[in-house]
Every structure is written in structure tokens, then in C-alpha cells.
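For reference, the structure discussed in these notes is given below.
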Amino acid sequence: MSEPVGLAGTTQGSMPVQRGWLESDSPLRQGLRRVRHNRLAVTGFSLILVILASALLAGQLSPYDPRMMTITDRLKAPGGSHWMGTDNFGRDIFSRILHGARLSLQVGLAVMLLTTAAGIVFGMLSGYFRRLDNAIMRVMDAMMAFPAILLAIAIMAVLGPKTVNVVIALSIVYAPRTVRIVRASVLAIKALDYIEAVRAQAAGHVRILFRHVLPNALSPLVVQATFTFAYAVLAEASLSFVGAGTPPTTPSWGNILSEGRVYMQAAPWITIFPGLAIAATVLGLNLAGDGLRDVLDPRMKT
Amino acid sequence: MTSYIIRRLLGVIPVLVLVAIAAFLLIHLVPGDPAMVMLGNDATPQQIQQLRTQLGLDRSLPEQFVLWLREVLRGNLGESIFLGRPVTQALLERLPATMQLAVLSLIFSLLIGIPSGLIAAVWQNTRWDQLVMATAIGGISVPSFWLGLALMLVFSVQLGWLPSGGYTPLWEDAWQGLRTLMLPAVSLGFMQAALIARMTRSSMLEVLRQDYVRTARSRGVGRWLVILKHAFKNAMIPVITTIGTAFGVLLGGAVVVEIVFTFPGLGRLVVLAVQRRDYPLVQGALLLTSVIYVAVNLAVDLLYGVFDPRIKYE
């Protein structure tokens with residue numbers, strides 16, 4: 001299914017790079033150029049772009065106000081003026097899903113950025129400074145000893161049902177994975193000759209870390225960020241579904257699904273469509289992640 | 001080997017201590033006075049004070065932790081505010097159902113994942129490979145609760161083959177128990193099956209490229225004998241290491257699936273506890289599941305040491 005990986009050996013580690021990652025021939029840049037030829041990645045990114053566009057244009061694309069109740073139109077089957085049907089309050093499912101996309105993508109994106117930031121800071125500290133390594137990694141181990149969803153639910157229980165709390169909870173849950181990945185890259189890069197050379201030139205730690213180590217640790221980080229986005233979208237939906245996520249008044253995919261569950265027999269479309277929306281988004285992200293990994297970091301292939 | 005076991009056992013201690021600290025601090029993350037939040041607006045100042053004393057909230061934080069930990073080590077996880085009975089009792093009552101669900105899901109995911117991955121690797125780049133890999137990437141993208149609802153709609157509502165909810169302990173009525181567990185276990189285990197299939201495939205492909213496999217083939221050993229006897233055994237090593245992690249994911253994921261199938265496990269209890277702001281119960285459930293998770297991971301690691309002799313020298 002995936003295209004053969006014939007471009008191995010050009011990622012971090014094998015290339016003594018001393019260039020910044022914004023420069024045109026950094027390994028990440030080179031990899032990203034190749035992404036265009038990877039069928040998986042292109043399919044994934046196209047899917048995400050479509051979903052992103054519909055989320056951004058939700059206001060214009062929605063035929064109805066997602067919160068507008070029309071009791072005479074309740075539980076209408078798909079077709080006619082409501083092409084995804086209506087729910088038990090006569091609200092248009094299509095409009096609700098479009099607005100739900102905003103929330104899902106916002107949460108996913110925010111969690112991705114926060115976990116990446118945490119991954120860079122703690123992963124670099126842990127991988128580069130030996131003294132901090134043990135302490136940081138034990139804390140990460142402990143955080144990963146909690147089943148992810150359960151930890152998120154527990155954090156939501158104490159913080160209260162707000163969208164921003166969902167972001168906080170999921171970032172806490174998923175950050176340790178990113179920290180581990182950055183740490184592993186830093187450990188590998190630190191042992192390379194060119195870092196020794198830079199150190200011999202009396203470069204400071206900050207300079208070494210941000211200018212010489214981080215650019216070469218970016219490839220696995222980008223891949224992980226894509227998967228974290230996917231996990232976050234799934235987890236947000238799960239939290240909302242069990243009633244521990246975004247407040248029930250917000251049209252999120254998990255909330256729509258959760259409300260529709262009661263009417264599953266009479267009106268299965270209330271649950272089918274938001275589920276498809278979640279699956280399509282996560283599929284897009286997973287395809288993009290798989291494609292990126294094949295191109296950027298063939299060794300990480302699972 | 002003994003030193004490996006001892007090292008691994010000692011390594012668990014700091015993790016467990018940190019897990020305990022995190023679970024303990026959970027209640028202190030509550031914005032405002034946890035006692036007030038838990039009891040709601042109707043509570044009298046006396047009731048709030050009583051709960052504060054009961055939870056030890058009027059003492060200093062380290063003092064509270066020591067007292068709390070001492071009780072936890074004795075198996076006392078406190079009183080559930082809403083149920084009005086010991087948390088340990090309530091949790092242990094629900095635990096067997098969730099464990100059965102998680103174990104059955106794990107068995108399902110291994111039974112489906114490993115052969116599928118094997119097929120995909122042996123017939124790489126054929127239709128079979130494409131089918132397995134496409135199903136697998138679909139599998140890791142579909143939310144378990146949605147799959148559960150879809151399976152319920154087809155197999156319970158439309159076809160009437162399997163019950164849409166409820167629970168019968170396997171030791172009371174194995175057949176009925178299996179029937180009630182079937183749909184929840186499949187919806188919960190599907191994603192792990194997909195992950196295991198992907199991992200088995202790539203691990204098999206890696207091993208099949210190794211010199212010793214080629215040598216065995218060139219010496220005239222049959223293709224399937226090489227695949228199953230020589231390659232498969234080694235390809236399973238990375239898969240086995242993920243079983244512990246998979247179990248943790250299943251244990252956590254059970255929360256969501258239990259809601260779909262009105263399954264009386266830990267998950268439903270936790271969700272109810274969250275809605276009622278019953279923090280001791282949430283805290284206890286979190287602590288219990290993570291201790292189980294750590295224990296399972298430890299067991300897998302130790303078994304792994306037995307199966308893969310190379311680990312001794314590391």
C-alpha cells in the first residue's frame with residue numbers, strides 16, 4: 001500500500017548538518033519536498049485540507065444555525081432540505097457537524113502545539129543534560145502509567161467541563177510520548193561527531209541545542225505531532241461522548257453522537273454522520289502521519 | 001537473569017510512588033474547596049467541615065499525603081461520597097467485569113492482528129496485503145464507541161444475534177457471558193488488532209530480509225517452515241513487548257465502550273463518579289487501574305526476559 005522507501009539514509013543522524021532548519025536544504029525541508037510524491041501523505045493532507053476548509057467556512061456553508069431548534073422538523077431522515085437529517089430537537093445535523101469540525105480541529109491543533117512545545121523543552125533537557133534525565137523520565141513514566149483516557153477523564157473531573165480544560169487534560173496525557181521521542185533523537189544526535197566539533201568551538205548549550213540538535217530532531221517530531229493531532233481528535237470525541245468533555249451545549253462531534261445514541265434505532269443518521277466525520281479526520285491525519293514517516297524517518301516504520 | 005528481575009522490580013518503585021503522588025494531588029487540583037464542590041450548594045457548613053476533616057483537608061499537604069498513603073497501602077481508598085461506602089469495595093465489585101472485557105479484547109486483537117499482519121507480510125504488495133493494510137488504517141481511525149454503536153445496530157437491533165448490553169460473569173454462564181462480551185470486546189479491541197497487524201507486518205518484513213532466513217531457504221528448508229519456525233518467532237518479539245501497553249489502552253478504553261453497552265464495569269462507575277464529583281472514587285479508580293497497568297507491564301517485561309535470552313546481557 002505504501003510506496004517503497006528508497007530514500008533512506010537522508011534523515012537526521014546520517015547527515016552532518018550544521019544548517020538551520022529554515023534554510024532550503026535542511027533535512028526536514030528535503031523530506032517535505034519529497035512528501036509531494038508520497039501517495040499516502042498526499043491523500044491524507046488532501047482529506048485534512050477539505051475538512052479544515054469546511055471548518056473555516058462553517059458559517060458560510062451551514063444551511064442552518066447549528067443551535068436552531070425546529071420542533072416540527074424533529075428526527076427528519078436525510079434528504080430534502082436537511083441532507084444529513086435532523087436530531088430530536090429538529091436541529092440540522094449537517095450544520096452541527098460543520099461547527100463541530102471547528103471544535104475538534106481547534107482542540108486537536110492546540111493539543112498538538114502544546115505537546116510539541118512540551119516535547120521540545122523536556123525532551124531536550126532530558127536528552128542533553130544527564131542530571132535532569134532520570135528525574136524527567138521517571139515523571140514521564142509515571143504519567144504514562146495511567147491509562148490515557150482515564151487520566152483525561154480524571155483531570156476533566158477536577159477541572160470541570162470546558163473546552164480549554166479538554167486541551168489541558170489531553171496535552172498532559174499525550175505530552176510524555178512526545179518528550180520520549182525528542183529525548184531519543186537528542187541522545188542519538190548528541191553522540192555524533194559534529195556536536196563534539198561544535199562543542200569544541202565553545203558554543204553554549206542553548207546554541208548547540210536550538211541550532212544544531214533541534215533541527216535534526218525535527219523529523220520524528222513532525223511525524224509524532226501528526227499522530228498526536230489524530231489521538232487528540234479521537235480522545236476529544238471520546239470525552240464528549242462519555243459526558244466529560246466539552247459542555248453539552250457546544251456542538252462537538254462527540255456530543256452530537258452522544259445525544260443521538262438514544263435515538264439510534266429511530267434515527268441512526270444522528271450517530272452515523274458525526275462518526276464518519278471523526279473517522280475521516282483521523283484517517284486523514286493517520287495517512288499523513290504514515291506518509292510523513294515513510295519519507296522523513298524510514299527507521300520509525302511500524 | 002536474577003539481576004535483571006531485581007532491577008526491573010526496583011525500577012517500578014519510583015513509578016508507583018510518582019503515580020501515588022499524582023493520584024493524591026488530583027483532588028487538590030479542584031478549583032476552590034474540594035469539600036464544597038463535592039457536596040454542592042445545599043450543604044451546611046457543618047457537613048462541609050466534616051468532609052474536610054474526613055478527607056484530611058485541614059492538615060498540611062505532606063501530612064495529608066503520608067496519612068493517605070498509609071491508608072492506601074492498607075487497601076483503604078477512602079469513602080465514596082455518593083455511594084456512602086468504601087471506594088475499594090465499590091471498585092473491586094466492578095473490576096472483574098472490566099478485566100474480562102479487557103482480556104477478551106486483548107485476545108481478540110491478538111487473534112486477528114497477528115495472522116493478518118503475517119498474511120500481509122508474506123504476500124507483500126498483493127491484494128491481501130492491501131486489504132489488510134487498508135482495513136488496519138481504517139481500524140486505527142474509527143472511534144471505538146462509534147464502532148460499538150454500529151455493531152450494536154447491525155448485530156443486536158437488525159439481526160438480533162447478540163445482546164445489546166448487560167453482563168453475565170463468564171464463570172456463571174460461560175456461553176451467555178461470552179455473548180454479552182462479544183460486541184464490546186470487538187469494538188474495544190479492533191483498534192489494537194489494527195495496530196498489532198501493522199506491527200506484525202513490518203516486523204515480519206524486517207526479519208524476512210535477514211541473512212539467516214535467506215540461508216535457511218538456500219539450504220532447502222521449506223518456505224512455510226522458514227516463515228513460521230525461523231522468522232515468526234523472532235518477528236514476535238517487538239509485538240510481545242507492546243502487549244502490556246495494549247492492555248493499558250484497553251483498560252482505559254473500556255470506560256468509553258462500557259457506556260455504549262451499559263456494561264456494569266469500572267468505566268461506568270468512573271463516569272458516574274465524575275458527574276457526581278465523587279473525587280475519592282475517581283482517585284481510587286485511577287490509582288487502581290494504573291497499578292494494574294504497571295503490574296501487567298512488569299509481567300510482560302519479565303516474561304520477555306525469559307523468552308529472549310539476549311536481554312540478560314543488557
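Every number in this text was worked out from the coordinates using simple rules, so none of it is lab data. Bear in mind that the values here come from a model prediction, so they are computed numbers and not experimental data. Virtual Cβ from ideal backbone geometry, glycine too; neighbours counted across all protein chains shown.
Take the Kirkwood radius over Cα pairs of chain B, plug it into Stokes-Einstein at 20 °C and 1.002 mPa s, and you get 96 µm²/s for translational diffusion.
Rounded to the nearest 10 degrees, the inclination of helix A:39-56 to the longest alpha-carbon principal axis of chain A is 50 degrees. The dipole here belongs to the stretch B:72-197: it is taken about the Cα centre, uses +1 on the Cβ of Lys and Arg and -1 on the Cβ of Asp and Glu, and is about 100 debye. If we count every other residue with Cβ under 14 angstrom of B:ASN76's Cβ, Lys/Arg +1 and Asp/Glu -1, where does the sum land? Taking every Cβ under 14 Å from that of B:ASN76, the sum is +1. In chain A, the calculated helix contribution to ellipticity at 222 nm averages -21500 deg cm²/dmol per residue, counting -39,500 (n - 2.57) for every DSSP H run with n ≥ 4. Selection among B:VAL17, B:VAL72, B:GLY56 by position relative to the dipole of the stretch B:1-73 gives B:VAL17 as farthest towards the positive end (Cβ unit charges, Cα centre). Look at the dipole of the protein assembly as shown built from charges on Cβ: of A:ILE155, B:TYR304, B:GLN176, the Cα furthest out on the positive end belongs to B:TYR304. Rounded to the nearest 10 degrees, what's the angle between the helix B:232-260 long axis and the longest principal axis of chain B, both from Cα atoms, 0 to 90? That works out to roughly 40 degrees. In terms of other Cβ atoms within 10 Å, A:HIS205, A:HIS82 run from fewest to most in the order A:HIS205, A:HIS82. Between 0 and 90 degrees, the angle of helix B:2-26 with respect to the longest Cα principal axis of chain B falls at about 40 degrees. Ordering B:THR241, B:GLY252, B:ILE227 by Cα displacement along the dipole of the stretch B:213-271 toward the positive end leaves B:ILE227 in first place; charges were set at the Cβ atoms of Lys, Arg (+1) and Asp, Glu (-1). Overall, the stretch A:87-196 carries a charge dipole of about 140 debye about its Cα centre when +1 sits on the Cβ of Lys and Arg and -1 on the Cβ of Asp and Glu, all other atoms neutral. Springs between alpha-carbon pairs under 10 angstrom, Gaussian network model over chain A: which of A:VAL35, A:VAL166, A:VAL242 fluctuates most? Checking each option, the largest mean-square fluctuation is seen for A:VAL242. Charge tally around B:GLY40: other residues with Cβ under 14 Å, Lys/Arg +1 each, Asp/Glu -1 each, net -1. Evaluated with a Cβ-only charge set (Lys, Arg +1; Asp, Glu -1), the protein assembly as shown carries a dipole of roughly 1580 debye about its Cα centre, given to the nearest 20. Shown for A:SER252, A:SER54: other C-beta atoms within 10 Å of each C-beta, ranked fewest to most, produce the order A:SER54, A:SER252. Take the Cα of B:VAL221, step 7 Å toward its Cβ, do the same at B:GLN50, and the gap between the two points is 7.3 nm. Dividing the alpha-carbon radius of gyration of the protein assembly as shown by the rule-of-thumb value 2.2 N^0.38 Å gives 1.00. Compactness of the stretch B:153-273, taken as the C-alpha radius of gyration over 2.2 N^0.38 Å, stands at 1.48.
A simple count of charges around B:ARG219, restricted to other residues whose Cβ falls under 14 Å of its Cβ and scoring Lys, Arg +1 and Asp, Glu -1, yields +3. Neighbour counting of Cβ atoms within 10 Å sorts the residues A:SER258, A:SER240, B:SER156, B:SER290, fewest neighbours leading, into B:SER156, A:SER258, B:SER290, A:SER240.
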